[in-house]
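Below you'll find the structure, written out as structure tokens, and then a few comments.
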Amino acid sequence: MALDETIKPEAETGTSRLNAIAAWPVRVLFGILDVPFRALQRLLGIGSMPYFFILPNLAFFGLFVVVPLFINFAYSVTGGTNLFMENRPYVGGEQYGFLFDCGNYLDPSTCREDRFWRGVYNTFTFVFFQVSLMVLFSLVTALILNREIRGRGFFRAAFFFPVLLSPVVVALIWKWILLRDGVLNAFLVSMGLDPILFFVSPAWAMFWAIFVSVWAHMGFYTLILLAGLQAIPPDLYEAAEMDGTKRERVFFRITLPLLWPNMLVVIVLALIKAVQIFDEVFVLTGGGPGTATQFVVQYIYTTGFANQIQNFGLAAAASVVLGVVLFVLTLLQLAASRRKDEG
Amino acid sequence: MAGTSTMNDRSVTRFLTARRGGASMHWTDVFSYIYLALGVALMFGPVVWLALSSFKTPAGLQEFPPTLLPLGQIERQVEGYDDPLPMFEVTMEDGSVRELAQVRRIGIIAQMVDPDDPGETIKVPIANRKPIREFRVAWENYTKPLERFNFLTYLNNSVIVTTAATLVTLLINSMAAFGLAIYEFRGRSAVMLFVIGTLMIPITIILVPAYLVVTQLGMVNSLWAVILPGAATPTGVFLLRQYMLTIPRDLIEAARMDKASEWSIYWRIVLPLSLPAIAVLAIFSVMWRWNDFLWPLIVLNRSEVYTLQIGLNAFQGELDVQWHYVLAMTVVALIPVTLVFAFLQRFITTGIASSGMK
């Protein structure tokens, strides 16, 4: 099975295949690049070469990720609607103060920036249900796919297929099904029920946002869990069988503990992704009805870019808040994957 | 092997403990197959429904309840009328059934003629007529958006972005991976720590400043704004480096003996040997770029530079959504990934299982 195969070095075939596919444009490109690199090597010696190999990557990454990470803080403490830093007055913690100005944190309508807090609460609801369902369904699917069943490769592929689809495609596929005159309502009517306006009811909109994102990403987590299940040594089960251990006990004492590191990775990864939910739901519901499915990332996008008045400072402050949450989750993730590598 | 009773007993165990063994049907097997069948229907069904719907005419799409297959009403050229007339199956008052062409409809009465004898007009209550339809594929859903709207441009932009970004990604990431895998140098562990530490910085938390950088570089509303920022991926560096670490050091030493330059060691020896890992990264990069949404949404504001995803989103967000075009273009957008899925699915699943990246 594909999962059991690790990628093997293929010296001979690899070389001939590269020659066959890439042929001359690649050779010309690398040939040209050879000139400066050879000159550098002659000038500065082998010892300096690693730096030149790493440089382009670090330059791109620094320019587009690391530098922005720092500028983000600068934005969050300046005001105005101008994009360029020199035209932005320093306002200190005003943006944060505005974001966190709430009469009662449990009630978004008492907050000055209630859209942000509605986004936060919607994101909490979404994350709670989406991650729970994601882990549950991935686990059940992985357990079933790990059994000796006919057509296992096909079934595994089937569950993986939606993972490849773009968020826009995913959203449009489901929007088409869920429309007032869509096929789901046709089914409801044929069962003698009334059609439901799914995108008019806040509860239904949230339900479908969760459902669709579980549908789209479940295959990914299933794969990780499946890899974990296949790594469990079979002799453990044989030994348990010899001892006549009860099946529930085998599941809770062997399968689950040994799968737990993978489960942790899946839970934290799913959390990190779910907190940043935007694409599918934005196309599916547009955040509506009202603000019922508007999440934190959409708040950042709307505040900074989509609104007539672009409030970059506020968007940056909200990004910092989101960044802190993600940082904590990432530390959890590193801890989880370290446990996995050790276990 | 043991007797049947223990076999049954064991297959329950097998479900919960997930191990392989001989086949004997049990309720857990039945449950598994039902679950899988439902799963396959749920995973593929919506996509199949989208594809079927994309071949329907606007009239066919408006039908409720919808038909499974794309059907079109038969039209016939009738003497004395300029345009072809739609054909109906009409139940006459005497209970006989005739095939008539509709001239016009006034309220609940339709004026119809017999196409073979167009002289006489017959008035029929619309409840008594049923359109005559045949299987017909509305190819115009596909051709018209490409001609009339900018979809050919969007498609083109998406192809350019995906190709260019993947090439840049492969080049600079494999170079960095080479540098980190082959050499011992001062600061290497610092760089590796940096790579791992930044593995998880998502674009969502640096939207505003990244937009500033792109603006300062004058790249807003050009495809470079989408191609370059995501090119350096720590995930890619990490994946390639882990793979390059397995390449025997002797090969490189031998090449150095032969006076090969470091650059030629990189591209003549290490790159070809890392091809499997590069292929995995290439597939991922193609998927990332083809499906990219939030960042292009921010930096591409003019219709000429829209990628397919952004164009689709703009098109479906219009007040009067032209679903027949939206559906067809959605199918176009999912063709490349479906091909990737069909031919390279094993590569991807292996890549995910071994690296945990998406």
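State the dimensionless ratio Rg/Rh of chain B (Rg: radius of gyration of Cα atoms; Rh: Kirkwood radius).
On the way: Rg = 30.4 Å, Rh = 26.4 Å.
Radius of gyration relative to Kirkwood radius: 1.16.
Given the convex hull over the Cα atoms of the range A:230-343, what projected area results after averaging over all orientations, in nm²? It would help to have the intermediate numbers written out before the result.
Details: hull surface 40.7 nm².
Dividing the Cα hull surface by four gives the mean projection, 10.2 nm².
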Worksheet entry | Karplus-derived 3J(HN,Hα), 6.51/-1.76/1.60, for each residue of the range A:187-197, Hz, glycine and proline x | 5, 4, 5, 5, 8, x, 9, 7, x, 10, 8
Worksheet entry | Relative frequency of Cα-Cα separations exceeding 46 Å in the protein assembly as shown, percent | 31
Discussion item. If you average the alpha carbon positions of the range B:157-234 and of the range B:69-147, how far apart do those two centres end up, in angstrom?
Written reply: 59
Worksheet item: What residues qualify as long-range amide H neighbours of B:Ile132, i.e. H under 5 Å apart, gap of 5 or more or another chain, H built at 1.01 Å from N?
Response: B:Ile74, B:Met87, B:Phe88, B:Glu89
Fill in: Using θ = phi - 60° and Karplus 6.51 cos²θ - 1.76 cosθ + 1.60, couplings along the range A:136-147 (whole Hz; Gly, Pro as x)
4, 5, 4, 5, 4, 5, 5, 4, 5, 5, 7, 7
Worksheet item: Which distance in Å, rounded to a whole number, links the C-alpha centroids of the range A:158-204 and the range B:255-297?
Response: 40
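Let me check against my output: what whole-number percent is the relative contact order of chain B, with C-alpha pairs under 8 Å and at least 6 apart? Present the calculation step by step, with values, prior to reporting the outcome.
On the way: 389 pairs, mean separation 63.1, N = 358.
For chain B, the relative contact order is 18 percent.
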Response to the item:
Per-residue Cβ contact counts at 10 Å, fewest first, order B:Tyr81, A:Tyr96 as B:Tyr81, A:Tyr96
Worksheet item: At what distance in nm do the modelled label points of B:Gln242 and B:Trp27 sit from each other, each positioned 7 Å from its Cα along Cα→Cβ?
Response: 4.2
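For the range B:126-208, what D do you get in µm² per second when you plug the Kirkwood radius from alpha-carbon pairs into Stokes-Einstein at 4 °C and 1.567 mPa s? Numbers along the way, then the final one.
Working: Rh = 18.7 Å.
Diffusion coefficient, whole number: 69 µm²/s.
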Practice prompt. Starting at the first residue of the range A:232-240, write each ³J(HN,Hα) from the Karplus equation 6.51 cos²θ - 1.76 cosθ + 1.60 with θ = phi - 60°, in whole Hz, x for Gly and Pro.
Written response: 6, x, x, 4, 4, 5, 5, 4, 4
Fill in: the range B:149-355 - charge dipole about Cα centre, Lys and Arg +1 at Cβ, Asp and Glu -1, debye rounded to 20
480
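I need the Kirkwood Rh of the range A:201-291: take the reciprocal of the average 1/r across all distinct C-alpha pairs and report it in angstrom. List each step's numbers first, then the result.
Values: mean 1/r = 0.0635 Å⁻¹.
Computed over the range A:201-291, the radius equals 15.8 Å.
Hey, fewest Cβ within 10 Å first, where do B:Thr143, B:Thr162, B:Thr215, B:Thr204 land in order?
On the way: B:Thr143 11, B:Thr162 23, B:Thr215 14, B:Thr204 20.
The order, fewest Cβ neighbours first, is B:Thr143, B:Thr215, B:Thr204, B:Thr162.
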Worksheet item: What is the Cα convex hull volume of the range B:75-131 when expressed per residue in Å³?
Response: 73
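Which FRET efficiency value, to the nearest 0.05, is calculated for A:Leu55 and B:Gln77 with the Förster distance at 56 angstrom and r the Cβ-Cβ distance?
After rounding, the FRET efficiency stands at 0.20.
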Worksheet item: GNM on chain A, C-alpha springs below 10 Å: top fluctuator among A:Lys273, A:Lys246, A:Lys175?
Response: A:Lys246
Fill in: B:Ala110 long-range amide H proximity, modeled H, under 5 Å
B:Val124, B:Ile126
Worksheet item: Cα convex hull of chain A: how many Å³ per residue?
Response: 260
Response to the item:
Along the dipole axis of the range A:29-113 (charges at Cβ: +1 for Lys and Arg, -1 for Asp and Glu; origin at the Cα centre), the most positive-end residue among A:Phe64, A:Cys111, A:Met85 is A:Phe64
Response to the item:
Which of A:Gly228, A:Gly288, A:Gly45 fluctuates most in a GNM of chain A (C-alpha springs under 10 Å)? That residue is A:Gly45
Worksheet item: In a GNM of chain B with a 10 Å cut-off on Cα contacts, which of B:Leu271, B:Leu38, B:Leu251 has the highest mean-square fluctuation?
Response: B:Leu38
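Given R₀ = 41 Å, FRET efficiency for B:Thr163-A:Ile196 by Cβ-Cβ distance, to 0.05? Write out the running numbers ahead of the final one.
Values: r = 43 Å, r/R0 = 1.06.
My answer for the efficiency is 0.40.
Each reported figure results from applying straightforward, stated rules to the coordinates on display, with no laboratory input. Just so it is clear, the structure is predicted and the values come from calculations on it, not from any experiment. Cβ sites come from the backbone with ideal geometry, for glycine too, and all protein chains shown count toward neighbours.
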